[in-house]
Amino acid sequence: MCQAAAAIYPYSTRLVHSLNTRWQNELYAQIKERPNRLYLTPERIVPLGSIWSGSRKWMRRLRASGLRPGDRILVEAVPSATCINLLICALWDQYTLCPVNPGTDLELHKRTVDPKIVLSPRLETWHEEGGCDESDLLALQDTQHPANAEIRLILQTSGTTGTAKRVAISDEGIWANIDAHRNALNLSQKRMASILPWHHAFGLILDLLIGLLDAEEIVRITDSGRDINALIKLCKELEIQHLSCVPMTIKKIVEHPDGLDFLEGLAGGIVGSATPHTALCKTLGSTRLRVGYGQTEASPGILLGAPGEWATQYIGQPCGTEVSVASDGELRFRGKNQCLGFWDDNTGLELLPNGQWISTGDLVDAADNKFYFRGRKRDWFKLNNGRGIPAGKIEIELKSKLSGIDECLLTTPDSESLFFAYSGTVESEALLHALDAVLGKLTQRLLPLWNTSASEWIRTPKGALDRHANLKKLLPDPTPCPA
């Protein structure tokens, strides 16, 4: 099945060769010919000239070991010069790179990805920063699925829009995003900080890769920006001009005494992967940061806002892709940025038809080609009378009606009653009136309202509410707090 899929894939050999040549030309010009740029961490400084020489050593080692275009390399994506070396090798020699979250179960990933080689700091196949011993050949593993030179990356989704999947991404999908975003980000002559994970599409493609091609210097923050005091201090000392991150990081920065001053001093960056709260949107309006929206299936960019353009639930305008809204309000996209398909541990590559509309699972409203998030389609649930409840959309509407609500959650424990939990400061009468306006007669099904502290919510790493975990935490307690 996989061999047949590879044979009918509509990309010509000429296109694949052309894109491979483009990688070689741009990487040579931007890395080899500009050795003054640096990859920095608080512990060490690595000139990009050393990154280049290290990458060449890895190329010779992989070639001598017998690796061929399309062979899969499973890499533990620990942010390091070695990880960048391997990324450059994959782009240059058409290997399929499969970066995975540092510290996770390598054996599980190995069974799923079916790689020729596994490279990790936990294994002897890894070498110190700055290259490798070219004479130390790697033992290639037998694979169940054939190589496919069209697949450049296999990345696992975060699971935000459903069960986590592994997405196969092509050179064309990567370049479609780079071409659509690099002029807007304008990283030329700028020093950027990298805190996003390199095993996700946002951090790997729209941050690291564009940075390698365009930025003057890249500063990798080794703890991924978790220590906000250290992040702001280091970024100010190094005069960082560009930072991309998720809303949770922005929220923590804003809460720091020097945070807003730091953000307002940035020349740019993308805030993506989740929708910022209304209060955070107002704060970001004084910065040159942009809202970004995308998914791994889009390699990953779909929408992008202008610098300082922020509004409640605003997620941007189309960027390098075609978008449409289905009759039920679901956002769809198609174009050169779309993924090749999905990687299955049993069947290998499962192709998506070229040019097909791909559903995002997110509900939106659109006005003047600007899009506003209205909840996730999977957050709908049905009551025992068959009525569908768009929980995510209702939650957003309530937060827009009542500025005192920070977060809220609407669900059903039994398909008959409705359970509503919230955090914030709002009068009970105003809240009940707002609920009556959006639910109508369904307010008769409401259980006593649950008021919880903002610090009690369980969140995903991106900063969004973890719906399943919060329901599990709140619902078992039979004694709700008064509204």
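Please report, in debye to the nearest 20, how large the charge dipole of the stretch 378-483 is about its Cα centre when each Lys and Arg carries +1 at its beta carbon and each Asp and Glu carries -1 there.
Values: 13 positive and 13 negative charges, 90 e Å.
The calculation lands at about 440 debye.
In the chain, a dipole from Cβ-located charges (positive for Lys and Arg, negative for Asp and Glu) runs towards its positive end, and of Gln141, Thr412, Leu402 it is Gln141 whose Cα lies farthest in that direction. Between the C-alpha center of the stretch 71-117 and that of the stretch 219-240 there is a gap of 26 Å. The modelled label-to-label distance for the pair Glu124/Ala311, using points 7 Å beyond Cα in the direction of Cβ, is 6.1 nm.
Quick one: helix 13-27 against the long Cα principal axis of the chain, what's the angle to the nearest 10°, folded into 0 to 90? Here the helix axis deviates by roughly 90 degrees. Magnitude of the charge dipole for the stretch 88-178, about its Cα centre and with charges confined to Cβ atoms of Lys, Arg (+1) and Asp, Glu (-1), is about 560 debye.
Count charges around Ile240 for me, please; just the other residues with Cβ under 10 Å from its Cβ, Lys/Arg as +1, Asp/Glu as -1. Can you show the working numbers first?
Values: positive: Lys190, Arg191, Lys236; negative: Glu217, Glu237, Glu239.
Value of the local net charge: 0.
Dipole of the chain computed with +1 at Lys/Arg Cβ and -1 at Asp/Glu Cβ about the Cα centre; of Ser188, Ala326, Leu280, farthest Cα towards the positive end is Ala326. The angle separating the long axis of helix 228-237 from the principal Cα axis of greatest extent in the chain is about 50 degrees. The accessible surface of the chain, taken with every protein chain in place and a 1.4 Å probe, is 49 percent carbon and sulfur. Here the spin labels are modelled as points 7 Å beyond Cα on the Cα-Cβ line, and at Lys401 and Ser415 they lie 2.7 nm apart.
Accessible area per residue for the chain is 42 Å², calculated with a 1.4 Å probe on protein heavy atoms, without ligands, DNA or RNA. On a 0 to 90° scale, report how tilted helix 171-185 is relative to the longest principal axis of the chain, with both axes built from alpha carbons and the result rounded to the nearest 10. That helix lies at roughly 70 degrees to the long axis. Between Arg34 and Ala469, full extension at 0.36 nm per residue minus the direct alpha carbon distance yields a gain of 151.8 nm. Here the extension length gained between Asp258 and Glu239 equals 5.4 nm, from 0.36 nm per residue of separation less the Cα-Cα distance.
In deg cm²/dmol and to the nearest 500, what is the mean residue ellipticity at 222 nm of the chain if only DSSP H runs of at least 4 residues count, each as -39500 (n - 2.57), divided by the residue total?
On the way: 14 runs with 143 residues, N = 483.
That comes out to -9000 deg cm²/dmol.
Annotation: for a label point projected 7 angstrom from Cα along Cα→Cβ of Ala430, no residues of the stretch 371-391 have a backbone N closer than 13 Å.
Note down, for the stretch 11-170, the three equivalent ellipsoid semi-axes (square root of 5 times each alpha carbon gyration tensor eigenvalue), biggest first, whole angstrom.
Values: eigenvalues 111, 77, 57 Å².
Those come to 24, 20, 17 Å.
Placing a pseudo-label 7 Å from each Cα along the Cα-to-Cβ vector at Arg60 and Arg44 gives an inter-label distance of 2.0 nm.
Sorted by average packing, counted as other Cβ atoms within 10 angstrom per residue and highest first, what order do 380-386, 348-354, 76-82 take?
Numbers: 380-386: 11.9, 348-354: 17.1, 76-82: 21.9.
Averaged packing, sorted descending, gives the order 76-82, 348-354, 380-386.
Suppose every Lys and Arg Cβ carries +1 and every Asp and Glu Cβ carries -1, with no other charges. What dipole size does the stretch 167-317 come out with about its Cα centre, to the nearest 20 debye?
Numbers: 12 positive and 17 negative charges, 68 e Å.
The calculation lands at about 320 debye.
The values are calculated or read from the model by the stated rules, or taken from the named source; none is laboratory data. This structure is a prediction, so every number in the text was calculated from the model and none was measured. Please note: Cβ atoms are built from the backbone with ideal geometry, for glycine as well, and neighbour counts cover all protein chains shown. Each accessible area value is taken on the protein alone, full model and side chains, heavy atoms only, with ligands, DNA and RNA left out. Shrake-Rupley method; radii C 1.70, N 1.55, O 1.52, S 1.80 Å.
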